[in-house]
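Chemist: Have a look at this one before I ask anything.
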Amino acid sequence: MFGFFNSMIQEKNLNLAIKRMHQEKSEKLTNHLSGYRKGDQDIFNKIQDKLDNAIANALRVEQFHQTAGTDNPFTCVHSLVEYLRDLKKE
């Protein structure tokens with residue numbers, strides 16, 4: 001989880017800010033995926049129907065970074081997911 005702070009923050013305030021950001025992200029995720037709970041062993045089965053959309057979004061991000069020449073980090077996990085899915089088809 002990343003956040004941007006443009007001022008010096010004392011350690012106790014930083015910890016509070018991190019907890020607040022975590023709570024906000026958890027609430028958004030719970031609202032987006034009903035029934036979500038951290039550590040859910042069955043989460044993949046619950047979101048598997050969104051896999052194609054997630055891969056398409058990841059490809060768009062990859063293409064953007066390649067054409068824009070940005071130095072923002074991104075992962076190519078979608079390539080691994082596609083590879084594993086293809087293995088399963090064989």
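Taken together, the values in this text are just the output of simple stated rules run on the coordinates, not laboratory data. It should be emphasised that the depicted structure is a prediction, and the values quoted were computed from it without experimental measurement. Ideal geometry is used to build each Cβ from the backbone, glycine not excepted, and the neighbour counts take in all protein chains shown.
Chemist: Relative to the longest principal Cα axis of the chain, at what angle does helix 51-68 sit, 0 to 90 degrees, rounded to 10?
Modeler: That works out to roughly 70 degrees.
Chemist: Let me ask another. Once the piece of chain linking Tyr36 and Glu90 is laid out straight, how much longer is it, given 0.36 nm per residue of separation minus the C-alpha distance between them? It would help to have the intermediate numbers written out before the result.
Modeler: Numbers: separation 54, 0.36 × 54 = 19.44 nm, distance 3.14 nm.
Residue separation times 0.36 nm, minus the Cα-Cα distance, leaves 16.3 nm.
Chemist: Between Arg20 and Ala54, 0.36 nm times their residue separation minus their Cα-Cα distance comes to what?
Modeler: 9.6 nm
Chemist: Quickly work out the Asp71-to-Leu29 label distance, labels modelled 7 Å from Cα along the C-beta direction, and quote it in nm with one decimal.
Modeler: 3.0
Chemist: Still on this model: Counting other Cβ atoms within 10 Å, keep those with at most 16, restrict to DSSP loop, and tell me which chymotrypsin sites (Phe, Trp or Tyr not before Pro) in the stretch 50-85 are left. It would help to have the intermediate numbers written out before the result.
Modeler: Working: sites: Phe64, Phe74, Tyr83; in loops: Phe74.
The qualifying sites are Phe74.
Chemist: I've got another one for you. How large is the charge dipole for the chain, taken about the Cα centre, if only the Cβ atoms of Lys, Arg (+1) and Asp, Glu (-1) carry charge, to the nearest 20 debye?
Modeler: Numbers: 13 positive and 12 negative charges, 78 e Å.
So the magnitude is around 380 debye.
Chemist: Explain nothing, just compute: Karplus ³J(HN,Hα) = 6.51 cos²θ - 1.76 cosθ + 1.60, θ = phi - 60°, for every residue of the stretch 31-47 in order, whole Hz, x for Gly and Pro.
Modeler: Values, residue by residue: 5, 6, 10, 4, x, 5, 8, 4, x, 4, 6, 10, 4, 4, 4, 6, 10 Hz.
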